[in-house]
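**Q** The structure that follows is given in the form of structure tokens.
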Amino acid sequence: MRGAPVSLRRRLVLWLLALAAGLALLLFLTIRTVAGQAAEASLDGVLGAATLAIAEGLRGGEDGVELDMPYSAFSILGSISEDRVFYRIDVAGETVTGYPDLPAPNETSEGVGPAFYTSPYRDTEVRVAAVSRTVLVERSPVPVLVLVAQTRAGQEAIALSVARRAGLLGLGFFALAAVLSLLTAGSVLRPIDRLAEAVARRGPRDLRPVNHPTPRELVPLLDALNGLINRLRGALARTETFIAEAAHHIRTPLATVRTRAEIALRQAETDETRETLRRVIRAVEESSRSASQLLDHATVVYRSDRLAADQVDLARLIDGLADRFAPTAELKDLNLVTEGTAEPVAVPGDRLLLESALRNLIDNAIKYSPSESEVILCLGRREGGVEITVADRGRGLQGQTQSSLSRRFTRGKNVDDVVGSGLGLTIVEEVATAHKGRFGLEDREGGGTCARLWLPSA
Ligand SMILES: Nc1ncnc2c1ncn2[C@@H]1O[C@H](COP(=O)(O)OP(=O)(O)O)[C@@H](O)[C@H]1O
Ligand SMILES: [Mg+2]
């Protein structure tokens, strides 16, 4: 049992889409992180500058620390966003102004620049910049700590808008990648489709090696296919040769049997013996005819993919066949008439095969005609080719179709009384196909059958 076949296209597209989705997500995260960091860094810069500005305003005086509060620092902070600002100034560990509950840094750094940290405060979270300074009061150093804090609603708003844009960008990237992956899958798989088409387009008898340009990856497949075709062709040729030889070996002794039976018939004394011998002769005739047709058929199959390219003069061929069939026709008092054979009419083709096809058509016409009727063999030009018609006044097809009658070993239900093997029309059709021609069998106006074989003349 074979499950649903794996689709390379689906697999390729899915992988490419997964890759695109991963890359789009990475793009989104990267943009968001980098933009978030950039926003934080720039807001930190302003916050630190404000803190430093306050720290600059600290002076050591005679009786304590003086502060020249630079209110411009707060207005700069306010101008950037709508965030709330808190501050706290500690002198020697005591909060002297601002919000005493503002969270202090874990370790006080004595660096020049401000230290930044994020900490929960009241109902929200704040970003704090801390600057430590030492101020001389009465010649003794006093540590001063300046804290400026700011809520970060502004930064969150920036982050959100950046995230939205990054999301849209990621989606756009993904959509583009999806389209590209479909196109890629199509272009990668096209050579496979082409190869499959090229193989499917071949006729059932076409056993030439497949010579289709393919990408390097498909060369082993193509080689394997051609190897298979080669072996198949070899096997077919051997089979056909075997059939031909077998038919030949059967025909020769049959001829001997027939001669003996005819002699015996002449010498027979009782009616009963004569009747038996007649039956024997008829059976031998039937077998010998079948053997001939098997031989013909094997020849057609064997030669149809390496046709001899002769110029065959159909006029001469038909005249010759008419002469050959004249005795048979005479036995039935049939009139065998040829038309259009005065001038030579040449077509490219294989003489042996064309002769075999015509012989079968004439044989049918004579076989299935009543005595004292007429069979017409007509040669004419038609539609850029040559058409041979074989018309009789026999029993007609009686509603049977040509396609069913042309099957191998298939005989019609209108011919029980006549010997035959059912290979004749198969041979005709195969010869027509091998010559890129057409074959048709139809009821004839006024009774009888008309067979048409059309062959291209170039
Ligand atoms: N000229 C014809 N008139 C009537 N029937 C025909 C004629 N030619 C072919 N047929 C039908 O087509 C069938 C197949 O023909 P063919 O392949 O030559 O086999 P066979 O002649 O050995 O029966 C015949 O059995 C017959 O039914
Ligand atoms: Mg026949």
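**Q** Treating only the Cβ atoms of Lys and Arg (+1) and Asp and Glu (-1) as charged, compute the dipole magnitude of the chain about its Cα centre; round to the nearest 20 debye. Can you show the working numbers first?
**A** Details: 54 positive and 57 negative charges, 425 e Å.
For this selection, approximately 2040 debye.
**Q** Where does each of V312, V34 land when they are ordered by accessible area, with a 1.4 Å probe and the largest first? Working shown, then result.
**A** Details: V312 0, V34 85 Å².
Reading off the accessible areas and sorting them downward yields V34, V312.
**Q** What order, most packed first, do the peptides 266-272, 152-158, 46-52, 247-253 have when packing is the mean number of other Cβ atoms within 10 Å of each residue? Working shown, then result.
**A** On the way: 266-272: 9.6, 152-158: 16.9, 46-52: 20.6, 247-253: 14.1.
Averaged packing, sorted descending, gives the order 46-52, 152-158, 247-253, 266-272.
**Q** How large is log10 of I(q)/I(0) for region 353-458 at q = 0.20 Å⁻¹ when the intensity is taken from the Debye formula with one equal scatterer per alpha-carbon?
**A** Summing over Cα pairs of region 353-458 leads to -1.04.
**Q** For the Cα atoms of the chain, what angle does the longest principal axis make with the long axis of helix 424-434, in degrees from 0 to 90, nearest 10?
**A** For 424-434 against the chain, the angle is about 50 degrees.
**Q** Let me spell out the model: positive unit charges on the Cβ of Lys and Arg, negative unit charges on the Cβ of Asp and Glu, origin at the Cα centre of region 123-232. What dipole size does that give, in debye rounded to 20?
**A** Numbers: 14 positive and 9 negative charges, 98 e Å.
Using only the charged Cβ atoms, the result is roughly 480 debye.
**Q** To continue, here is another question. Which of the listed residues, A391, A50, I192, is farthest toward the dipole's positive end in the chain, when Lys, Arg count +1 and Asp, Glu count -1 at the beta-carbon?
**A** After comparing all options, I get A391.
**Q** So how far apart, in nm, are the two label points at V419 and T433 if each is 7 Å from Cα heading toward Cβ?
**A** Placing both labels 7 Å beyond Cα along the Cβ direction yields 2.9 nm.
**Q** For the chain, find the longest principal axis of its Cα atoms and tell me its angle to the long axis of helix 153-201, 0 to 90°, nearest 10.
**A** For 153-201 against the chain, the angle is about 10 degrees.
**Q** Given an 8 Å cut-off on Cα distances and at least 6 residues of separation, report the relative contact order of the chain as a percent. Kindly include the intermediate steps, with their values, before the conclusion.
**A** On the way: 656 pairs, mean separation 47.9, N = 458.
The normalised contact order for the chain reaches 10 percent.
**Q** Also, quick follow-up: Please give the peptides 298-305, 219-226 ranked by average Cβ packing (other Cβ atoms within 10 Å per residue), highest first, as a rough proxy for protection. Could the numbers behind the result be given before it?
**A** Numbers: 298-305: 19.2, 219-226: 12.6.
Result, highest mean Cβ count within 10 Å first: 298-305, 219-226.
**Q** Under the definition of Cα pairs under 8 Å and six or more residues apart, what whole-number percent is the relative contact order of region 292-412? Intermediate values should be presented prior to the final figure.
**A** Working: 148 pairs, mean separation 29.4, N = 121.
Dividing the mean separation by the residue count of region 292-412 yields 24 percent.
**Q** What lysines sit close enough to K332 to cross-link, taking a C-alpha to C-alpha distance under 27 Å and skipping anything fewer than 8 places away on the same chain?
**A** Result set, ordered by chain and number: K367, K413.
**Q** I'd like the antiparallel share, as a percent to the nearest 5, of DSSP beta bridges with both residues in the chain.
**A** Working: 57 of 62 bridges.
Approximately 90 percent, going by the DSSP bridge assignments.
**Q** Taking the Cα centre of the chain as the origin and placing charges on Cβ (Lys, Arg +1; Asp, Glu -1), which of G22, G64, L12 is farthest toward the positive end of the dipole?
**A** Farthest towards the positive end: L12.
**Q** Something else now. Which of I318, P348, L295 sits closest to the plus end of the dipole of region 251-372, meaning its Cα is farthest towards the positive end, when Lys and Arg get +1 and Asp and Glu get -1 on the C-beta?
**A** The listed residue farthest towards the positive side: L295.
**Q** Okay, next question. Just to check, using Stokes-Einstein with a Kirkwood Rh over alpha carbon pairs, what's the diffusion coefficient of the chain at 37 °C and 0.692 mPa s in µm²/s?
**A** Values: Rh = 32.4 Å.
In µm²/s, the coefficient rounds to 101.
**Q** If one computes the Cα centroid of region 113-134 and of region 252-300, what distance in Å separates the two points?
**A** After rounding, the separation between the Cα centres reads 120 Å.
**Q** Working from Cα positions, state the angle (0 to 90°, nearest 10) between the long axis of helix 8-56 and the longest principal axis of the chain.
**A** 10 degrees
**Q** Mind checking the log10 I(q)/I(0) for region 203-306 at q = 0.20 Å⁻¹? Debye, one equal scatterer per Cα, no solvent, two decimals.
**A** -0.97
**Q** Leaving out same-chain residues fewer than 8 places away, which lysines sit with a Cα under 26 Å from that of K436?
**A** Within the straight-line cut-off, K436 pairs with nothing.
The values are calculated or read from the model by the stated rules, or taken from the named source; none is laboratory data. Note that the structure is predicted; figures quoted are calculated from it, not measured. With ideal geometry, Cβ positions are generated from the backbone for all residues, glycine too; neighbour counts draw on all protein chains shown. Ligands, DNA and RNA are stripped out before the accessible areas are found, and what is left, the full protein with its side chains, is counted by its heavy atoms. Shrake-Rupley method; radii C 1.70, N 1.55, O 1.52, S 1.80 Å.
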